[in-house]
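One structure is given below, encoded as structure tokens.
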Amino acid sequence: MRLPRNALGKWLWLILSVIVIDQWTKFLITSNFNEFDSITLLPILDFMRLHNEGAAFSLLSDASGWQRWMFTILGSVVSIFIFIWLRRLPVRGQHMLAAALALIMGGALGNVIDRVLWGHVIDFIRVHYQQWYFPAFNIADSAITVGAALLILDTLLHRDQPVDGRKQPLKKKISKRKASKKKTV
């Protein structure tokens, strides 16, 4: 078996896993719940089938229908961008960045599939406390959120390193100047 030469080959399993789990859970919900049906799992957690025609937090859900295709195109473009980014990442190193990108891409494609098939995203996880309700979400949304958090964490941990892993030439020049000043003193 040939080893992958870029991070995409190494992380493709995660992208596909997110899509499969997302679509499988949505299939289970649509097979067993009508829209707005719910079941309480914990005092703070319900499964409730909801159809979201908008974006996160139902943004633009009451628009006239154009948002379906805008969010489908946006999700597809983001996925293409991430695909290219993962192909350019080396296989070794930058695991957190690659995992973050794979989670975001898998989640984006999971929701794109919903928009193409149904015209809306199927949300079903509802977290609440007393009369406060967090907007409903799904596995794809969770993967995007975890991926975004990992992307931010990776950026904070590696902010001094460029994406390609090479040292920055500017720092080398500054270091050489400091070293030459110390020799002359």
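Which ones in region 64-120 are hydroxyl-bearing (Ser, Thr, Tyr) and without any contact (Cβ under 8 Å) to a residue 12 or more places away in the chain?
The initial filter retains those residues of region 64-120 that are hydroxyl-bearing (Ser, Thr, Tyr), namely 64, 72, 76, 79.
Within region 64-120, just SER64 meets the criteria.
Which is of a type in the set (D, E, K, R), under 19 Å from SER17 (Cβ atoms) and more than 14 Å from the chain's Cα centre (by Cα), of ASP114, ASP141? Reasoning before the result, please.
Details: ASP141 fails: more than 14 Å from the chain's Cα centre (by Cα).
ASP114 is the lone residue from the list that is of a type in the set (D, E, K, R), under 19 Å from SER17 (Cβ atoms) and more than 14 Å from the chain's Cα centre (by Cα).
For residues that are surrounded by fewer than 14 Cβ atoms within 10 Å (Cβ to Cβ) and either aromatic (Phe, Trp, Tyr) or within 24 Å of LEU50 (Cβ to Cβ) (or both), tally how many sit in region 4-31. Before you say what the answer is, go through the steps one by one.
Just the residues of region 4-31 that are surrounded by fewer than 14 Cβ atoms within 10 Å (Cβ to Cβ), to begin with: 4-5, 13, 16, 20, 24, 27-28, 31.
Now drop any that are not either aromatic (Phe, Trp, Tyr) or within 24 Å of LEU50 (Cβ to Cβ) (or both), which leaves 13, 20, 24, 27-28, 31.
Number satisfying all stated conditions: 6.
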Name the single residue, out of those in region 110-135 being buried (at least 22 other Cβ atoms within 10 Å of the Cβ) and aliphatic (A, V, I, L, M), that is nearest to ASP46 (Cα to Cα).
-> ILE122
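Over 25 Å from THR25 (Cα atoms) and modelled with pLDDT of 90 or more: which single residue out of THR184, THR155 fits that description? Reasoning before the result, please.
Working: THR184 fails: modelled with pLDDT of 90 or more.
It is THR155.
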State whether the residues of region 68-78 include one that is more than 15 Å from ILE104 (Cα to Cα), at pLDDT 85 or above, in a strand (DSSP E or B) and within 23 Å of the chain's Cα centre (by Cα).
-> no
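The values are calculated or read from the model by the stated rules, or taken from the named source; none is laboratory data. This is a predicted model, so every value here is computed, not measured. Quick reminder, even Gly has a Cβ in these numbers, built from the backbone with ideal geometry, and neighbours come from all protein chains shown.
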